[in-house]
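The values are calculated or read from the model by the stated rules, or taken from the named source; none is laboratory data. Note that the structure is predicted; figures quoted are calculated from it, not measured. For neighbour counting, all protein chains shown are included, and Cβ atoms are generated from backbone atoms with ideal geometry for every residue, glycine included.
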Amino acid sequence: MLMTNFLQERKSVRDFKNNALSKDLLYKIKDYMANVNDLENSAKFYLYENGGIISKALQGKAGYSGVMIEAPHYIGLEMDKSDYVNILKSGYLLEKLNTEIVKLDLGTCWITLSKVDNETKKSVFGESGNNIDYLIALGYPKKKKLFEPEVTQERYTLDQLIFKDDIDSPISGQFLEQRGLFNIFSSIRYAPSHKNFQPWRFVIKDEKVYAYMKKSPEDKLSLVDMGVILFYFEEMAKTIGITNKWNIEITDEENYLNLGYFAL
């Protein structure tokens, strides 16, 4: 599936069948997890095959409005969350893994554990469980009911998200077209974010794209969202022959965090 289509059609699954995945599928997922682990020594993924134990323990403490998403399996990411760079990486790595899982025609859903107390997390995930703030629920999705409406969320327009030279100068669609960047930015704005906050802002200056995060009382959650969109930007850039990576250098600039740059 093209990354453009994947982003625009990306949907979380909240209703899973009880069926466990086959051993072959679980093996492939474990292989994906191992590959991502190799890329980042600071990250460790764990596959919890008995999802019933996890969902029961977190009922009323995680999920959506206290209703835990029940799935046959979950994946947790353990990462030191003491600095902003690691929090940013957690979003990047989780979505990198999530994208591979979805390619297997499986349903997934991110679950935030930031409001779950450390004692509960340790009892469920072990002594290092307090470093697990996110799960990916996965399995076979249930079919939607006939005529069940799709939930859509408004997205900021490009001139609200992309700027030229500085954060106060909106960019034109014509300029983005000339630089071959219009499709990339049009697509990545569909990336998911906590409460649909869409904290990302980008500034194109010279031959670099600078990533900014709009600050709020929920900066840690927004940093995870930024990790997701930076991953998608890299993947979309590959479609126009650019295989660079983001250079992460986080600095505080009043209303924004400057996260670093991507060389075009």
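The residue of region 198-212 that is surrounded by the most Cβ atoms within 10 Å (Cβ to Cβ), among those that are more than 18 Å from the chain's Cα centre (by Cα) and of a type outside the set (Val, Ile, Thr), is TYR210. Within region 50-68, is there a residue that is in contact with a His (Cβ under 8 Å, 6 or more places away or on another chain), buried (at least 18 other Cβ atoms within 10 Å of the Cβ) and at pLDDT 95 or above? Yes: region 50-68 contains one or more residues that are in contact with a His (Cβ under 8 Å, 6 or more places away or on another chain), buried (at least 18 other Cβ atoms within 10 Å of the Cβ) and at pLDDT 95 or above.
Find the strands (runs of 3 or more DSSP E) located wholly in region 28-130 whose residues include 1 or more that are closer than 30 Å to ASP252 by Cα and without any contact (Cβ under 8 Å) to a residue 40 or more places away in the chain, and list them.
Qualifying strands (runs of 3 or more DSSP E): 43-48.
Of the listed requirements (1) surrounded by 18 or more Cβ atoms within 10 Å (Cβ to Cβ); (2) touching a helix residue (DSSP H, G or I) at 6+ places or on another chain (Cβ under 9 Å); (3) within 15 Å of TYR74 (Cα to Cα), TYR46 misses just one: (1). A search for C-beta distances below 7 Å between a residue of region 132-151 that is farther than 30 Å from SER42 by Cβ and modelled with pLDDT of 80 or more and any residue that is surrounded by 11 or more Cβ atoms within 10 Å (Cβ to Cβ) and among the aliphatic types (A, V, I, L, M), counting only pairs 6+ apart in sequence or on different chains, returns TYR140/LEU106; PRO141/VAL13. Determine, yes or no, whether GLU154 is under 21 Å from the mean Cα position of the chain (by Cα), surrounded by fewer than 14 Cβ atoms within 10 Å (Cβ to Cβ) and closer than 18 Å to TYR84 by Cα. No. Candidates are the residues of region 190-234 that are part of a helix (DSSP H, G or I) and of a type in the set (Phe, Trp, Tyr); the one that is farthest from ASN131 (Cα to Cα) is PHE233. Against the numbered list (1) surrounded by 14 or more Cβ atoms within 10 Å (Cβ to Cβ); (2) touching a residue at least 24 places away in the same chain (Cβ under 8 Å), GLY173 comes up short only at (2).
Being part of a helix (DSSP H, G or I), over 30 Å from GLY63 (Cα atoms) and not assigned by TED's automatic domain parsing to the domain that holds TRP110: is that true of GLU177 here? Judged against the criteria, GLU177 is a match.
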